[in-house]
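Report on one structure; see the data block that follows.
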Amino acid sequence: MLPYTLIGSTALSCLSLFHGASPTGAVPPASEVILLECEAFDELGGWVLDQQFMDLMGSPFLLAHGMGVPVADATTRVNVKSPGTYRVWARTRDWVAPWGKSGAPGRYSVLVNGVALETEFGTKGNEWHWHRGDTVELAGEAEVTLHDLTGFEGRCDALLFAQDLEWTPPSEGEPLEALRTELLGLEGAPTDRGDFDLVVVGGGTAGTCAAITAARLGLTVAVIQDRPVLGGNSSSEVRVWPEGHVNQKPFPRLGDVVMEVVPVRKSDSKNAQGAHVFDDDRKLAACRAEPNITLFLESRMNGARHSDGLIESASFENVRTAERSTVRGTFFLDSTGDGSLGFLVGADFEQTDTGHMGASNLWNIQCLCEDEDPLSSQLEAACELATFPRCEWAVDLRDRPFPGREQGKKTPQAGTQPISLGNWFWENGFDRDPIHDMERIRDQNFRAMYGAWDAIKNVEKRYPAHKLGWVAYIAGKRESRRLLGDVVLTGEDLRDNKIFPDGCFPCTWGIDTHHPNTKYSEGHEGDEFIADYTHGEGYVYEGPYWVPYRCLYSRNVGNLFMAGRDISVTHEALGAVRVMKTTGAMGEVVGMAATVAKRHGCSPRQVYEDHLQELFGLVERGAGKDVVARGAKR
Ligand SMILES: Cc1cc2nc3c(=O)[nH]c(=O)nc-3n(C[C@H](O)[C@H](O)[C@H](O)COP(=O)(O)OP(=O)(O)OC[C@H]3O[C@@H](n4cnc5c(N)ncnc54)[C@H](O)[C@@H]3O)c2cc1C
């Protein structure tokens with residue numbers, strides 16, 4: 001896959017950012033090599049599919065996310081066409097190598113027809129590479145198994161079996177891509193999935209609300225979302241509670257779609273609570289109820305075709321099957337958070353390289369007593385001891401402070417959990433590249449969490465009956481690229497209460513940016529993992545601030561909208577607009593603006609220049625289910 005290929009006057013850009021090592025030796029005939037992509041295994045067992053870094057390392061992979069308990073085996077069956085002796089390779093890495101830690105927590109073995117190879121994988125290498133294993137005899141049908149040995153985040157992208165016992169497969173870049181394409185039979189054009197009025201890339205709250213709004217107003221919409229669920233950070237996979245206010249005067253109907261999509265607030269509506277709190281089914285049902293929406297789940301957008309400053313199509317890869325597809329569109333919405341579509345097609349953007357907000361992997365703990373029926377058993381007696389292995393490779397917090405430790409000289413009541421463990425401020429990556437360093441940033445969150453739990457369980461020997469209950473392996477990201485529109489909203493605009501003629505969605509949050517919390521930084525410089533936040537910086541939310549429509553489209557790509565955290569704002573203003581009911585309201589406005597643009601055959605910019613009152617008309621009316629249904633009858 002080329003990172004940037006010119007085809008006639010049309011540019012085809014791909015998100016693959018990993019480049020070029022050369023293969024060792026000539027590539028053997030395809031009949032003598034078997035490539036098994038782990039994400040395509042018949043049974044994933046307890047392994048989870050991680051697609052977050054595929055633009056960097058080339059593929060989705062399987063992760064043994066067991067929170068210290070080895071996960072159930074992943075298995076698949078393979079038909080061996082050419083019987084003989086094969087060398088086994090696993091594409092993997094030792095995930096704590098970036099910190100120079102020994103112990104290789106991500107160890108696993110590979111079984112062929114129930115027999116474990118001697119090699120333990122995941123034990124070496126900072127970078128993704130092919131780890132050389134033993135040889136096996138293969139004939140007929142074989143069963144291949146990934147067997148986790150630790151429960152501590154082992155990772156395997158693919159297994160490869162080669163009859164040339166001395167050949168080393170290429171680890172990265174175009175040679176690996178070419179090998180994969182040939183061995184998986186991926187040659188040929190992507191499947192054409194049709195033409196749409198609006199192509200939404202990224203199904204967080206912003207993208208989901210945009211899609212539903214546009215569909216209700218009559219547009220045909222494609223949604224490309226790389227996870228099996230919608231909602232992004234507000235999904236059960238990340239578990240951030242959506243904040244902000246919608247349904248505000250003078251546009252009290254803006255936000256009706258948001259409120260249909262976000263989970264209903266209850267007493268336990270807080271970060272990192274149980275999956276049910278985040279109600280993934282509600283978002284999926286709202287989308288599926290719209291006949292105009294075609295939903296492509298588990299589909300990662302990683303290519304786009306564009307010419308003369310306009311996007312023609314976006315292409316995407318199914319994260320389990322690797323099947324490639326393409327959709328054409330009149331308008332496109334980048335709601336990926338990372339501005340990935342805009343980046344691909346050359347949209348102007350800004351990124352704060354150091355001193356930006358970081359990413360979190362929320363977590364919680366659970367008392368084993370919760371599994372017991374308190375009416376039929378004595379709770380104390382029912383609690384068994386929950387042991388947890390030592391984690392020498394984690395952040396060493398044996399004698400360091402962290403939130404939750406200072407309150408924690410006593411063990412919480414059965415069934416309760418201290419909110420200071422695993423909440424939003426467990427965050428890192430402030431000075432690292434929020435795109436290229438993301439696997440490391442996610443992994444540092446793991447190391448901090450495992451280090452804290454190790455200190456509590458094994459050093460202080462508290463919480464004897466508690467275990468890690470849930471840990472997000474999908475990182476909650478706060479800040480990366482911000483695509484630039486005709487207006488770039490600043491912190492000063494908020495402080496001065498600058499009024500824009502196209503103010504159309506309410507910002508209802510203070511300037512809430514994050515930085516390392518110095519109380520916990522000592523000894524972790526450059527890898528701080530606890531955040532503090534700004535409390536307003538001269539702007540405290542007292543009533544809605546109306547953000548201009550011109551922040552929601554690209555200034556140099558003619559048919560590209562933005563909604564979510566990648567809109568046209570500065571780092572500081574992002575601190576105020578980034579909460580999810582607000583991002584959902586942006587999505588609604590984009591759905592409406594795309595409708596106006598379609599009606600007039602004009603650009604997003606011309607909606608501002610020539611049809612702003614028409615857009616305001618739609619914003620005033622809203623796109624809630626009932627309003628649109630009543631409108632249709634008239
Ligand atoms: C720990 C944490 C705590 C926070 N606290 C709060 C809070 O209390 N309340 C609040 O409202 N906000 C909070 N925020 C901020 C808020 O969650 C984000 O600003 C918001 O989620 C941004 O919305 P988005 O739609 O742009 O991105 P996301 O929510 O990240 O959604 C983007 C979606 O696009 C998908 N995607 C990305 N790239 C691709 C691709 N190439 N192809 C296909 N799909 C793709 C992603 O998987 C994701 O599902 C918090 C954020 C974090 C991380």
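Please list the non-local residues whose amide H lies under 5 Å from the amide H of Val487, H modeled 1.01 Å from N, same-chain partners needing a gap of 5 or more. Close amide H contacts, sequence-distant or interchain: Cys551.
Lysines within cross-link reach of Lys467: Cα-Cα under 19 Å, excluding same-chain residues under 8 positions apart? Once the sequence-local lysines are set aside, what remains near Lys467 is Lys409, Lys410, Lys457. Antiparallel versus total DSSP beta bridges in the stretch 30-183: what percent is that, nearest 5? Roughly 100 percent of the DSSP beta bridges within the stretch 30-183 come out antiparallel. Counting only aspartates and glutamates at least 8 places from Lys498 when in the same chain, those with an alpha carbon closer than 17 Å to its own are Asp486, Glu537, Glu542, Glu572.
Close amide-amide hydrogen proximity is noted between Ile530 and Glu427, Asn517, each under 5 Å apart and 5 or more residues distant or on a separate chain (H modeled in the peptide plane; Pro and chain starts excluded).
May I ask for the Rg/Rh ratio of the chain, computed from Cα atoms with Rh as the Kirkwood radius, given to two decimals? Here Rg/Rh amounts to 0.98.
Across the chain, the relative contact order, built from alpha-carbon pairs under 8 Å that are at least six residues apart, equals 16 percent.
Per residue, the convex hull around the alpha carbon atoms of the stretch 30-183 comes to 104 Å³. Pairs of Cα atoms nearer than 8 Å and 6+ residues apart set the relative contact order; for the stretch 30-183 it is 34 percent.
Across the stretch 176-258, the relative contact order, built from alpha-carbon pairs under 8 Å that are at least six residues apart, equals 23 percent. For the chain, the membrane-span-like helices by this rule, meaning whole DSSP H stretches whose C-alpha atoms cover at least 20 Å of axis and whose Kyte-Doolittle mean is -1.0 or above, are 580-600; this says nothing about an actual membrane.
Where the only charges are on Cβ atoms (+1 Lys, Arg; -1 Asp, Glu), what is the dipole of the chain about its Cα centre, to the nearest 20 debye? Don't skip to the end; give the middle numbers.
Values: 62 positive and 89 negative charges, 340 e Å.
It works out to roughly 1640 debye.
Panel values: the stretch 190-239, Kirkwood radius from alpha carbon pairs, Stokes-Einstein at 4 °C and 1.567 mPa s, translational diffusion coefficient 113 µm²/s. Potential lengthening of the chain between Glu182 and Arg328 amounts to 49.9 nm, from the contour at 0.36 nm per residue minus the alpha-carbon distance. Sites listed here are GluC sites (Glu not before Pro) in the stretch 427-468 whose DSSP assignment is loop and whose Cβ has at most 15 other Cβ atoms within 10 Å: Glu460. Report summary: the helix-based calculation at 222 nm, which adds -39500 (n - 2.57) for every DSSP H run with n ≥ 4 and divides by the residues of the chain, gives -5500 deg cm²/dmol.
We did not get these values from a lab; they are worked out from the coordinates using the rules stated. All figures in this text were calculated on a predicted structure; none of them were measured in a lab. So basically every Cβ, Gly included, is an ideal-geometry build from the backbone, and we count neighbours across all protein chains shown.
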